[in-house]
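Below: the structure, in structure tokens.
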Amino acid sequence: MALINVAAREIHCKIVYYGPGMSGKTSNLQYIHNQVPRDAKGDLLSIATETERTLFFDFLPLDLGKVRGFQTRFHLYTVPGQVLYERTRVAVLNGADGVVFVADSQKHKLEENIRSLRELAVNVTKQNKKFQEFPVVLQYNKRDVPGALPLTTLDKYLNAMGWPRFEATAATNGSGVFDTLKAISKLVISKL
Amino acid sequence: MDPQLTSQIVPIEEVRVIEECLVRLAEDTSGNHILLLDKSGQVIASQGDGNRQDVTALGALIAGTFASSREVAKLLREKDFRQLFTQGVRENIFIALIEDQWILCIIFNKGTHIGLVKVLTKKATDELSLVLERVRDQQKARDDVLGSSFRTSMEDTIDLLFRD
């Protein structure tokens with residue numbers, strides 16, 4: 001739920017990057033952190049294991065500056081993708097205004113994508129929110145990997161809801177990262 | 001407007017009540033820093049150490065800790081952990097849940113007894129839950145607060161800022 005502080009004239013929104021392990025959620029945040037101007041971002045905070053896998057979450061606060069007199073802030077989070085962290089994902093998802101689902105385009109990851117998406121639907125519903133109406137943007141990441149599944153196949157299995165979806169190569173050249181961020185930000189704002 | 005996604009609007013007069021409550025709590029407990037957070041990790045109000053630059057990250061981490069403890073509670077078939085206490089070498093942190101929505105966090109040093117903090121926090125959470133109730137009840141239209149052209153301006157800002 002977005003928070004509007006009328007006295008401080010501030011608006012805060014929370015966006016969570018969800019998806020299976022190694023699909024590129026942290027890479028998305030790292031790319032955004034590298035590209036956004038210094039005065040519009042805070043530090044990228046990562047709670048990761050010794051092997052750089054996300055343990056709890058990554059956190060990146062973005063400050064869009066004053067819009068019509070309101071200081072507007074987006075807080076971006078990632079969840080840990082590995083199966084064993086299911087409960088941790090529930091915790092990070094708490095109070096989210098929108099989700100970017102980062103899917104891995106590789107053929108052998110399709111089942112993991114489907115499982116993770118089903119879990120997201122369950123977890124959003126558990127928060128007393130209707131999943132069909134919840135703001136979600138889909139990102140098909142790792143499009144540059146040889147043998148990446150065609151978009152029609154990914155759409156068939158992952159996008160029955162007809163969400164806005166983007167192709168991306170978050171870890172290599174960052175293509176598609178900002179298109180995804182723009183889409184989810186606008187979707188969240190439209191629901192304020 | 002989808003009611004499940006309705007934003008939480010904290011009006012000016014309620015922010016003042018919150019601030020007064022936090023100031024009182026800081027004085028009575030000699031707390032170094034007091035934060036009122038939404039469960040999503042957003043800082044609603046902050047009182048105390050003005051030099052603290054890391055309030056945003058602190059809010060995200062504390063809310064994360066609390067949300068995580070809630071999942072532990074579920075596994076233990078406990079209803080909720082409503083309070084958390086973290087003991088440090090120099091400073092301690094006491095965290096209390098307000099209804100199911102807000103989190104009150106007091107950072108205090110060794111000179112203050114935890115018992116006092118607990119008692120005064122209970123008083124403050126009672127007061128703040130009344131504020132929360134009023135915030136939830138108010139049905140002010142979003143456009144009254146944000147203005148009708150807000151979304152258009154916001155989209156322009158997003159396009160300008162979020163690019164390679």
Item to check | Test result for A:Ile11, more than 17 Å from the chain's Cα centre (by Cα) and either at the interface with chain B (Cβ under 7 Å from one of its Cβ atoms) or surrounded by 17 or more Cβ atoms within 10 Å (Cβ to Cβ) (or both) | outcome: yes
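The rows are residues; the columns are (1) under 30 Å from B:Ser149 (Cα atoms); (2) touching a Gly at 6+ places or on another chain (Cβ under 9 Å).
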position: A:Lys107; (1), (2): no, yes
position: A:Asn113; (1), (2): no, yes
position: A:Leu117; (1), (2): no, yes
position: A:Pro135; (1), (2): yes, yes
position: A:Gly174; (1), (2): no, no
position: A:Ser190; (1), (2): yes, no
Next on the checklist: Quick test for you: out of A:Asp63, A:Asp58, pick the one residue that is within 27 Å of A:Leu154 (Cα to Cα) and modelled with pLDDT under 95.
Outcome noted: A:Asp58
Next on the checklist: For segment A:64-90: of the residues being among the hydrophobic types (A, V, I, L, M, F, W, C) and more than 15 Å from the chain's Cα centre (by Cα), which is nearest to A:Leu3 (Cα to Cα)?
Outcome noted: A:Phe70
Next on the checklist: Every residue in segment A:128-152 that is on the phi > 0 side of the Ramachandran plot and either in contact (Cβ under 8 Å) with a residue 12 or more places away in the chain or aliphatic (A, V, I, L, M) (or both), please.
Outcome noted: A:Lys142, A:Gly147
Checklist entry - Can you pull out the strands (runs of 3 or more DSSP E) entirely within segment B:69-164 that have at least 3 residues that are surrounded by 19 or more Cβ atoms within 10 Å (Cβ to Cβ) and modelled with pLDDT of 90 or more? => result B:91-98, B:102-109
Checklist outcome for this item: Looking across segment A:118-149 at residues that are in contact with a helix residue (DSSP H, G or I) (Cβ under 6 Å, 6 or more places away or on another chain) and assigned to a helix (DSSP H, G or I), the single one that is farthest from the other protein chains (Cβ to nearest Cβ) is A:Ala121
Checklist entry - Checking A:Thr172 against (1) assigned to a loop (DSSP other than H, G, I, E, B); (2) within 14 Å of chain B (Cβ to nearest Cβ); (3) at pLDDT 95 or above, which single condition isn't satisfied? => result (3)
Next on the checklist: Checking B:Ser46 against (1) open to solvent by 40 Å² or more (accessible area, probe 1.4 Å); (2) over 21 Å from B:Asp126 (Cα atoms); (3) within 11 Å of another protein chain (Cβ to nearest Cβ), only one condition comes out false. Which one?
Outcome noted: (2)
Next on the checklist: Which condition from (1) more than 20 Å from A:Pro164 (Cα to Cα); (2) touching a residue at least 60 places away in the same chain (Cβ under 8 Å) is the one that A:Thr125 breaks?
Outcome noted: (2)
Item to check | Residue selected from segment A:37-82 under the condition facing chain B (nearest Cβ under 9 Å), assigned to a loop (DSSP other than H, G, I, E, B) and not basic (Lys, Arg), by the criterion surrounded by the fewest Cβ atoms within 10 Å (Cβ to Cβ) | outcome: A:Pro37
Checklist entry - In segment A:88-101, is there at least one residue being modelled with pLDDT of 95 or more and of a type in the set (Lys, Arg)? => result no
Item to check | Residue check, A:Asp179 open to solvent by 50 Å² or more (accessible area, probe 1.4 Å) and part of a helix (DSSP H, G or I) | outcome: yes
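The values are calculated or read from the model by the stated rules, or taken from the named source; none is laboratory data. Just so we're clear, the structure is a prediction, and the values are computed from it rather than from any experiment. Ideal geometry is used to build each Cβ from the backbone, glycine not excepted, and the neighbour counts take in all protein chains shown. What goes into the accessible areas is simple: the full protein's heavy atoms, side chains included, and nothing from ligands, DNA or RNA. Shrake-Rupley method; radii C 1.70, N 1.55, O 1.52, S 1.80 Å.
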